[in-house]
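Before any comments, here is the structure.
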Amino acid sequence: MTTVAYARRATEPTTEAAPRSASNGWWGMVLLVATEGTLFAVLLASYFYVRFKTSGGWPPDGIADPKLLRAFVMTVLLTASSFFMYAAESGIRRGRQRALVLGLGAAFLLGLAFLGLQIWETVVVARELTPRTDAYGSLFFTVTGAHSAHLVAGLLLMAWIQVRAWFGVYSQRRHLGVQMAAIYWYFVVAVQLAIFVSLYLTPRI
Amino acid sequence: MRDQSTLKPASHAAQAIADLWWILFVVSVIVFFVVVALLLVGVLRRRGGGEPDRSTSRGATKFVAIAGVVVPAVVVISLFFASVATLPAVSPAGKNARMTIDVVGRQWFWDVYYRSRSIRTSNEIHIPVGVPVEIRVTSDDVIHSLWVPRLNRKIDVIPGQTSSVVFDANKAGVFRGQCAEFCGVEHGNMALLVIAEPQTRFDRWLTNEAKPAPASAGLSAFVGSGCSGCHAISGAPQQSRFGPDLSHFGLRQTIGAGTLTNTPEQLADWIRDPQRIKPGNKMPKLGLPEPEIQALVRYLESLQ
Amino acid sequence: MEAHVERLEKVWAEPAGIVSFLTSVDHKRIGIRYLFTAFAFFVAAGIEALVMRAQLARPREGLVSPETFDQLFSLHGTTMIFLFVTPMLSGFGNYLVPLMIGARDMAFPRLNALSYWIFLASGLFIYSSVPFGLAPNDGWFNYVPLSEKAFTPDKNIDFYALGLIFITISTTAGAANFIVTIFKLRAPGMSINRMPLFCWAVLATSFAVIFALPSLTVANTMLELERNWGFHFFQPAHGGDPLLWQHLFWIFGHPDVYIIFLPAIGIVSSVVPVFSRRSIVGYEWLALATVLTGIVGFGVWVHHMFATGLPQISMTFFSAASFMIVIPSGIQIFAWLATMLTGRPVLKTPFLYVLGFVVVFVIGGLTGVMFAAVPFDQQTTDSYFVVAHFHYVLFGGAVFPIFAGVHYWFPKMSGRMYHELAGQVSFWLVFVGFNLTFFPMHVSGLLGMPRRVYTYPSGLGWDAYNLLSTIGSGVLAAGILVIVLNVLWSLRRGAPALSDPWGGNTLEWSTSSPPPHFNFPVIPIVRSADPNWDLEDRRQDALRLERGELLLVDGHQTLATTVLEGEAEEELHMPSESIWPFVLALAFSVVFFGLLLHLYGVATLGCILVAGSIAGWHRPQRELQDQ
């Protein structure tokens, strides 16, 4: 008899198998995302705090509203990447190696495209507005910069998982790494949605 | 006389706070002694140890529910209302101020302005007794906090923001106050005096403050020694606002924002080496020759 | 049976020597390191306090310059909060949580080692400012604009801001580790409502850390960007607001009070039933109160800002929330009292410290209620009254329980008994010294003495109270010295301790003193909230050991269970010793010193080292172990 079965029998009189709960690694990643998510919540709260403390228009001092098109495309790309991530994850859950590799690859490329656009966006915005302009500029670049840093970390994580996937490390039963990378990536995508709404859409209302 | 005690209120607002304190204090003393009595009974009544008792006692749990939830809830809700009832007395909105004084916190002294900033003085606020005076505060550098405990609660002095507190002294006297938010090395020596006096005396004082100093040999010595690079005297050609205003300095009670008593000897000490007396303050040791110092002292003390 | 234990010894043994010192992942060794390191910082902060008290012993004393005094109180506060109380309680948590829940290590042993090394590195980072006379000097809450470059041009504040960002990594990683350990590694049968209250406290604290610390990190990052990169967040002239710092700081800072206080409460809830010889009264109430305190703690930060001129309506709201926090504290106090009243107390040193805690904490709690009353707060905040209040809450609420814990678990950790008489002497010195130091501060505060002043004039009625405080601080220091001597003496000469000298109710007392590397030769099975008082269950453990059941001897193994019910789920393979946590902490140090000295090349190199260390850490065949 395995130890687990033994212990289960000792504590649990019924023969019914206990449902499997989430693993340590899953919990670890969820807590990391919780604390990092709070970090972005605090950053965005600071943005709105300064906004509501500022009299007159927003953005202040006649700075133009941030342009929507590029940011919108970026957000769409990143959202799309999360679907590929999901495909990769659910693929390996059913043991499909191809789905894993392709899904991860597509998500990675979309993430890379986002990063490229983000750099372009930063260069364009910086023509009018820099972090040194005023508090608005500082907050704008701090929020987007922090997001980019997390995005890069996510890309590195995905690249790592990708390489391991090529070597066939993951299987239907053992794919915690993929699961963790996916949770992190959804978080990166969710933050981008929050940024798009807060920094790009709300100045127009 | 220069008491700074919260327990010797000299205004309606400070009185309201002191009353609130006494309520809080009495309730706290009762709660404290009840808890300590229970603790002593618990510890001393049945000592001895032995095998652990593992029963669950319904009565004990009920005790926790009543003593730990119901009683504190009732006490706390009552105190909340007592506190809310005190709020209007200490809030600027509730008062009809008949006069406004602007106070600017600076490292490390208080700039005081009357009549929409046309009269300037430093480290002393004169107010008439029985007249609610709105004190509008702001800062030119870091955060300070204006606290004159006998007259009212403190109000933080924050750059980029103007806040108010009302001083409404109900008796004449000199009330000491002090900066209450850490503001750098000389935070400890950033005091001020509020001088509450009858309306007529106050009016006389204000009229006198409005007068410029006459041109004199002393004034040119003051300018010649470099004092006017930082200090203003009304009527002098140069009006720097970097340091405290020295117009009518002879009438002031203290030197260096409450650091020294204003006597000719102490003033001479101060001018000789302000860094020894108030280390880190912004007035340098000028190294003036002794006769020049004495001349300056005579001049400054003559500014009445 | 012998064979099983021998096998476990071999599997879990850590090689001796310096290498093992750097690579150990044993939660007990790490826990004890935390305790010793934190205590060293406590001594440093205590010396700072004694110098301050000497300076304030009489009016216009000139012992230290104002500049030095500012560094002293800033370091004192920062050290006590970040480098003593929090890590000291992490030390207890590290040592005790796995033992209390019947596990063989923390959920992430290497991450645990990393937490310690980063704590040490960040502590040394902050203290490396001292020899240069550049210690933080704008107080532990470091308000802008005073802490901006225009007013504090030197690196004092950079040491503070970067140091705190640095230590946040340690605290957050530790918190995540505690949460997962408590959720997943409890012994089979230890459902969440049978978990020791100490673990409830650690759990609530850890969640508070996860959600509170990001605010501190954001605030300090903004400050660094503003100081060194020309950003604007807090300057009104550039569209910022100095109050933003205060909001961010206190959104972290008030929950942090409970982060400090809750684990200490957990120690109290551990000691009370054992020395009252009875199961704790109102277990569920206490667990609920612990969680509630953690949650409500997030809703009261504005009461630190009542004097800033906020709108009345928001002050009233936060005042009500602050009053509310009395309720969970009331539950706790009266649950302990009820346990004592219905028990048969034994007055040993740990229990004395707990009784001292109750007395002192009730005073601190009552003055805390006073600060919820807005007008009173506006009058006495930033005066010595507030200094008295938070020392009653933090020294009374955290340090008394810490001293209780030091004596209570000393036999378990060292295998020897401390000297009881010396223990009781230390208690009375600490109790009298503490009250003599801090009680007079209530009075000097009411008499109008502001805090953080390096000197004061005579004639305001403050002189006698200040002198009393200074005398008291000497007595308090003497008491702490007795504790230190008692510990050092007992480590070598104390009588050998049995595995369960107090008749404890939790599982750490079911294994030997000190426990073996693997904690338990057989994973215990639990059926109540006082498992070590279930003699039959513990006999069953021993029988299972003889029969060779539930031993888990193939490598670093422990049992994972379900989050709520504690049903056995799978065998976990824990990672063994590793040098990478130490290397990673070094790499982080390179980053932070690079940022401090504006050597951005070095900082970039440090980042590469960090990435490399993380890769090295995960390089071996970890996938099996991860699952």
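The values are calculated or read from the model by the stated rules, or taken from the named source; none is laboratory data. Keep in mind the model is a prediction, meaning the values are calculated, not measured. Because the Cβ atoms are built from the backbone with ideal geometry, glycine has one as well, and the counts that use them run over all protein chains shown.
Scanning the stretch C:383-412 for residues that are buried (at least 24 other Cβ atoms within 10 Å of the Cβ), closer than 20 Å to B:Ile17 by Cβ and touching a residue at least 60 places away in the same chain (Cβ under 8 Å), we see that the one that is farthest from the other protein chains (Cβ to nearest Cβ) is C:Tyr384.
I'd like to know if the stretch C:576-586 contains one or more residues that are facing another protein chain (nearest Cβ under 10 Å) and either at pLDDT 90 or above or not in a loop (DSSP other than H, G, I, E, B) (or both). Give the derivation first.
At the first step, the residues of the stretch C:576-586 found to be facing another protein chain (nearest Cβ under 10 Å) are none.
No: the stretch C:576-586 contains no residue that is facing another protein chain (nearest Cβ under 10 Å) and either at pLDDT 90 or above or not in a loop (DSSP other than H, G, I, E, B) (or both).
Quick one: which residue in C:Ser314, C:Ser279 is under 30 Å from C:Lys348 (Cβ atoms) and small (Gly, Ala, Ser)? Give the derivation first.
Numbers: C:Ser314 fails: under 30 Å from C:Lys348 (Cβ atoms).
The match here is C:Ser279.
So, of the residues in the stretch C:554-582 that are surrounded by 20 or more Cβ atoms within 10 Å (Cβ to Cβ) and of a type in the set (A, V, I, L, M), which turns out to be nearest to C:Gly17 (Cα to Cα)? For the stretch C:554-582, the residue satisfying everything is C:Met574.
Mind telling me which of the residues C:Ser90, C:Ser128 ends up being touching a residue at least 12 places away in the same chain (Cβ under 8 Å) and either in contact with a Ser or Thr (Cβ under 7 Å, 6 or more places away or on another chain) or farther than 28 Å from C:Leu491 by Cβ (or both)?
Numbers: C:Ser90 fails: either in contact with a Ser or Thr (Cβ under 7 Å, 6 or more places away or on another chain) or farther than 28 Å from C:Leu491 by Cβ (or both).
Within the list C:Ser90, C:Ser128, the selection yields C:Ser128.
Counting only residues that are surrounded by 14 or more Cβ atoms within 10 Å (Cβ to Cβ) and under 26 Å from C:Ala307 (Cβ atoms), the stretch B:58-96 holds 15 of them. B:Ala169 meets each of the listed conditions (1) at the interface with chain C (Cβ under 9 Å from one of its Cβ atoms); (2) in contact (Cβ under 8 Å) with a residue 12 or more places away in the chain apart from (1).
Scan the stretch C:237-251 and tell me whether some residue there is away from chain B (no Cβ under 14 Å), among the charged types (D, E, K, R) and closer than 18 Å to A:Val143 by Cα. If you could, list the steps in order and put the result at the bottom.
Here is the first cut: in the stretch C:237-251, the ones away from chain B (no Cβ under 14 Å) are C:248, C:251.
Checking the rest, the ones that are also among the charged types (D, E, K, R) come to none.
Looking for residues that are away from chain B (no Cβ under 14 Å), among the charged types (D, E, K, R) and closer than 18 Å to A:Val143 by Cα, one finds none in the stretch C:237-251, hence no.
No other residue among C:Asn193, C:Asn228 is assigned to a helix (DSSP H, G or I), among the polar types (S, T, N, Q) and within 14 Å of chain B (Cβ to nearest Cβ) apart from C:Asn193. Quick check: anything in the stretch C:95-105 in contact with a Leu (Cβ under 9 Å, 6 or more places away or on another chain), assigned to a loop (DSSP other than H, G, I, E, B), touching a residue at least 12 places away in the same chain (Cβ under 8 Å) and surrounded by fewer than 24 Cβ atoms within 10 Å (Cβ to Cβ)? No; the residues of the stretch C:95-105 include none that is in contact with a Leu (Cβ under 9 Å, 6 or more places away or on another chain), assigned to a loop (DSSP other than H, G, I, E, B), touching a residue at least 12 places away in the same chain (Cβ under 8 Å) and surrounded by fewer than 24 Cβ atoms within 10 Å (Cβ to Cβ).
Scanning the stretch A:50-80 for residues that are assigned to a helix (DSSP H, G or I), within 25 Å of the chain's Cα centre (by Cα) and surrounded by fewer than 17 Cβ atoms within 10 Å (Cβ to Cβ) gives A:Leu69, A:Arg70, A:Phe72, A:Val73, A:Val76, A:Thr79, A:Ala80. Annotation: of all residues in the stretch B:187-225 being within 30 Å of C:Phe73 (Cα to Cα) and assigned to a helix (DSSP H, G or I), the one that is farthest from the other protein chains (Cβ to nearest Cβ) is B:Asn189. Against the criterion of being surrounded by fewer than 19 Cβ atoms within 10 Å (Cβ to Cβ) and either within 7 Å of another protein chain (Cβ to nearest Cβ) or touching a strand residue (DSSP E or B) at 6+ places or on another chain (Cβ under 9 Å) (or both), B:Gly50 qualifies.
Taken as a whole, the stretch C:445-457 holds at least one residue that is without any contact (Cβ under 8 Å) to a residue 60 or more places away in the chain and either among the polar types (S, T, N, Q) or within 14 Å of another protein chain (Cβ to nearest Cβ) (or both).
Among the residues of the stretch C:439-491, the ones that are over 20 Å from C:Ala422 (Cα atoms), in a helix (DSSP H, G or I), touching a Phe, Trp or Tyr at 6+ places or on another chain (Cβ under 8 Å) and of a type in the set (A, V, I, L, M) come to 3 in all. Filter the stretch A:173-205 for residues that are within 12 Å of another protein chain (Cβ to nearest Cβ) and not charged (D, E, K, R); which is farthest from C:Ala611 (Cα to Cα)? Here the answer is A:His175.
May I ask you to say which residue of B:Val69, B:Val35, B:Val43 is in a helix (DSSP H, G or I), facing another protein chain (nearest Cβ under 8 Å) and at pLDDT 95 or above? None of the other options fit; the residue is B:Val35.
Among the residues of the stretch C:312-350, those identified as touching a residue at least 24 places away in the same chain (Cβ under 8 Å), in contact with a His (Cβ under 9 Å, 6 or more places away or on another chain) and part of a helix (DSSP H, G or I) are C:Met315, C:Ser319, C:Ala321, C:Ser322, C:Thr349, C:Pro350. What about C:Leu35, is it within 28 Å of the chain's Cα centre (by Cα) and farther than 19 Å from C:Phe84 by Cα? Against the criterion (within 28 Å of the chain's Cα centre (by Cα) and farther than 19 Å from C:Phe84 by Cα), C:Leu35 does not qualify. Among the residues here, B:Val104 does not qualify as closer than 16 Å to C:Leu341 by Cβ and more than 7 Å from chain C (Cβ to nearest Cβ). Of all the residues in the stretch B:146-165, those that are among the polar types (S, T, N, Q), facing chain C (nearest Cβ under 7 Å) and surrounded by 21 or more Cβ atoms within 10 Å (Cβ to Cβ) number 0.
Assess whether B:Val104 counts as being out of contact with any Gly (no Cβ under 8 Å at 6 or more places or on another chain), under 24 Å from C:Pro450 (Cα atoms) and of a type outside the set (D, E, K, R). Outline the logic, then answer.
Details: out of contact with any Gly (no Cβ under 8 Å at 6 or more places or on another chain): yes; under 24 Å from C:Pro450 (Cα atoms): yes; of a type outside the set (D, E, K, R): yes.
It is true that B:Val104 is out of contact with any Gly (no Cβ under 8 Å at 6 or more places or on another chain), under 24 Å from C:Pro450 (Cα atoms) and of a type outside the set (D, E, K, R).
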